[in-house]
Amino acid sequence: MWRLPGRAALRGVRSVVEQRSRAEAATHEAVRAMERAVVRCVPSEPKLSLSFALADGSHKNMQRDQSEPLGRALSRIATNALKGHAKVAAAKKNRKNRAQSSGGAACAATGPEPAATCEPVVKLYYREEAVAEDVLNVDAWQDGAVLQIGDVKYKVERNPPAFTELQLPRYIMAGFPVCPKLGLEFGDPASSVFRWYKEVKPGAAEPGDGGLASSSHSLQSSAWIETGVDERVYTPCNADIGLRLKLHCTPGNGQRLGPSRELESVCPVEAGPGTCTFDHRHLYTKKVTEDSFIRTVSYNLLADTYAQTEFSRTVLYPYCAPYALELDYRQNLIQKELTGYNADLICLQEVDRAVFSDSLVPALEAFGLEGVFRIKQHEGLATFYRKSKFRLLSQHDISFQEALRSDPLHKELLEKLALNPLAQEKILQRSSVLQVEISVLQSTMDSSKKICVANTHLYWHPKGGYIRLIQMAVALAHIRHVSCDLYPGIPVIFCGDFNSTPSTGMYHFVINGSIPEDHEDWASNGEEERCNMSLTHCFKLKSACGEPAYTNYVGGFHGCLDYIFIDLNTLEVEQVIPLPSHEEVTTHQALPSVSHPSDHIALVCDLKWK
């Protein structure tokens, strides 16, 4: 029998019942007492699915054409039910035979053998009237209908909230939030009910308050006790180390709840690494900012596709413990760091597709953020925004190669490049590494306030200064098109890993609005690739976090490569969250480490409209 779990769910049901008359309430309770028949019917799919339990305890899942007449579906249900009844009758007969052999004449009073089982009557009723058998399945199986199979009645629930995916992370650490990956159909996480349990240690005395629940899915018989947390996210404490976790969750959509599911963690909770480089920074970001502020984060996460190479382990990061380079471990640190900033905008670089969908979306969605993702080759860019403050108005992402070759915006730039074929070929060969993710967001509090958020990751090679100049010219031209032509006058926030220190031509170009044709970066890869040209842009931009000593710190290099550029005409800096101290960064020699998940350091600042 299905019951609504969770105190919040029961309160919601009671509030509905109290508004109805006694007669309606009685009807409601009678329907609740029925078994459930769940129907999934989506207009874009040719078939509908029907799921229910038979009297023999077996569970039936049927696929039927939506365009099929109801009578055929009912006939198939009757056939399945007959098989179920036959199993029940056979079981009864076996029990009777065993009783006769042991009890002799005492069993004679049980009467003659039952007659052969007949196919049960199967009918579908809607509002107490039988649905005609020529009605198509798509129209017949309505929410609230009643399916009758013999003497058993089932309440039909059409498209109730349901989990399509439910998964706990493999690696769980004390002090780090556990964010289950959810796939929901006809529901939303905010209306769903979550209850967490932890395993009772072997040999521990069981509490006498009846708070334990057993799980038939464990490899060993385990006892569970509620943690008292009824939220989507659970943060284990040190007392949980060595114990597995279990999540009981019920999908909802604000109007009703769907069938519950349970899942257990594969591994027990492990001890965390102790103090992390971002723990002190979180003291400045304990709360979400007020409506007039925009807390912005820019962060290169270090893609797993780069962290897990032999070159990375032996040459780039030989000082980093191998387990600390594993994605399962780093994801815990990334989730805790990002959620602890309570940001309104988060621009991320080097994001693996699986990290975006399996880790970042579940974690940040649980804390009120929504994200968009653009893949490059092996990794890409992700931008998240706080749903209570912003809604996504439009996206204008570009690929460098396509834009430079075909967009009229860059006709003049392409003509200048053509004067140096070697440089042009080199730039177009490398162009696939650049994308610009441009999102236009609108304030949920004031619809007149819009903002253009750009996110990019420029070419990395130390001798690629002139390539980064061209890439930045292309990026700024598209940002100008969006913020001046499509949405005139909206402010710009441009985040990214620009692979350029403050002494480079790229930084000079952004901050000063122009770059002369004789700048040394035009020959950054030698005279044969020199492509002298003067460039200008129309923005008045500033690095919101200034020019830190470094935002990237690895064994062989440290320098400032990451920036949050803001439009000085419309935005100003309220505060910059201090970076980790040099002692914190170098506790384990360099980055990444057991206490820091990336070779970059996140930039965090609070901005506000002027």
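Taking first residues from region 175-189 that are in a helix (DSSP H, G or I) and partners that are among the basic types (K, R) and open to solvent by 10 Å² or more (accessible area, probe 1.4 Å), the Cβ contacts under 7 Å between residues at least 6 apart in sequence or on separate chains come to P189/R232.
Look at E310 and say whether it is of a type in the set (D, E) and surrounded by fewer than 14 Cβ atoms within 10 Å (Cβ to Cβ). The answer is yes for E310.
Residues in region 47-67 that are surrounded by 11 or more Cβ atoms within 10 Å (Cβ to Cβ) and not polar (S, T, N, Q): K47, L48, L50, F52, A53, L54, A55, D56, K60, M62, R64, D65. Within region 485-498, take every residue that is within 24 Å of T296 (Cα to Cα) and open to solvent by 30 Å² or more (accessible area, probe 1.4 Å) and give me the one that is modelled with the lowest pLDDT. So, considering only residues that are within 24 Å of T296 (Cα to Cα) and open to solvent by 30 Å² or more (accessible area, probe 1.4 Å), the one modelled with the lowest pLDDT is G489. Among the residues making up region 342-353, those that are open to solvent by 10 Å² or more (accessible area, probe 1.4 Å) and either outside any loop (DSSP other than H, G, I, E, B) or more than 22 Å from L302 (Cβ to Cβ) (or both) are N342, E350, R353.
Criterion applied to L414, L404 was being over 21 Å from the mean Cα position of the chain (by Cα), over 17 Å from I493 (Cβ atoms) and touching a residue at least 12 places away in the same chain (Cβ under 8 Å), and the one residue passing it is L404. Listed by first and then second residue, the pairs linking a residue in region 40-63 that is under 11 Å from N80 (Cβ atoms) to a residue that is open to solvent by less than 70 Å² (accessible area, probe 1.4 Å) and of a type in the set (F, W, Y), with Cβ atoms under 7 Å apart and 6 or more places separating them unless they lie on different chains, are F52/Y154; K60/F52.
Residues in region 250-295 that are among the aromatic types (F, W, Y) and farther than 28 Å from D328 by Cα: F293 alone.
Let me spell it out: the conditions are (1) open to solvent by 10 Å² or more (accessible area, probe 1.4 Å); (2) out of contact with any strand residue (DSSP E or B) (no Cβ under 6 Å at 6 or more places or on another chain); (3) touching a residue at least 24 places away in the same chain (Cβ under 8 Å), and L263 meets all of them except one. Which number is the exception? The single condition L263 does not satisfy is (2).
For region 290-300, the criterion of being among the aromatic types (F, W, Y), open to solvent by 60 Å² or more (accessible area, probe 1.4 Å) and closer than 13 Å to V351 by Cβ is satisfied by no residue at all.
Whether any residue in region 507-524 is of a type in the set (A, V, I, L, M, F, W, C), open to solvent by less than 30 Å² (accessible area, probe 1.4 Å), in a loop (DSSP other than H, G, I, E, B) and at pLDDT below 95 is what I want to check. Looking for residues that are of a type in the set (A, V, I, L, M, F, W, C), open to solvent by less than 30 Å² (accessible area, probe 1.4 Å), in a loop (DSSP other than H, G, I, E, B) and at pLDDT below 95, one finds none in region 507-524, hence no. Restricting F384, F367, F356, F400 to residues that are closer than 14 Å to A303 by Cα and aromatic (F, W, Y) narrows the list to F356. Would you check if there is a residue in region 41-60 being among the polar types (S, T, N, Q), at pLDDT below 80, out of contact with any helix residue (DSSP H, G or I) (no Cβ under 8 Å at 6 or more places or on another chain) and over 16 Å from Q255 (Cβ atoms)? Looking through region 41-60, none of the residues is among the polar types (S, T, N, Q), at pLDDT below 80, out of contact with any helix residue (DSSP H, G or I) (no Cβ under 8 Å at 6 or more places or on another chain) and over 16 Å from Q255 (Cβ atoms). Of the strands (runs of 3 or more DSSP E) lying entirely inside region 194-285, those carrying at least 1 residues that are at pLDDT 95 or above are 223-226, 245-250, 261-264.
The values are calculated or read from the model by the stated rules, or taken from the named source; none is laboratory data. All of these numbers come straight from a predicted model, not from anything done at the bench. Neighbour counts are summed over all protein chains in view; Cβ atoms, including those assigned to glycine, are modelled from backbone coordinates with ideal geometry. The accessibility values were calculated without ligands, DNA or RNA, using every heavy atom of the protein model including side chains. Shrake-Rupley method; radii C 1.70, N 1.55, O 1.52, S 1.80 Å.
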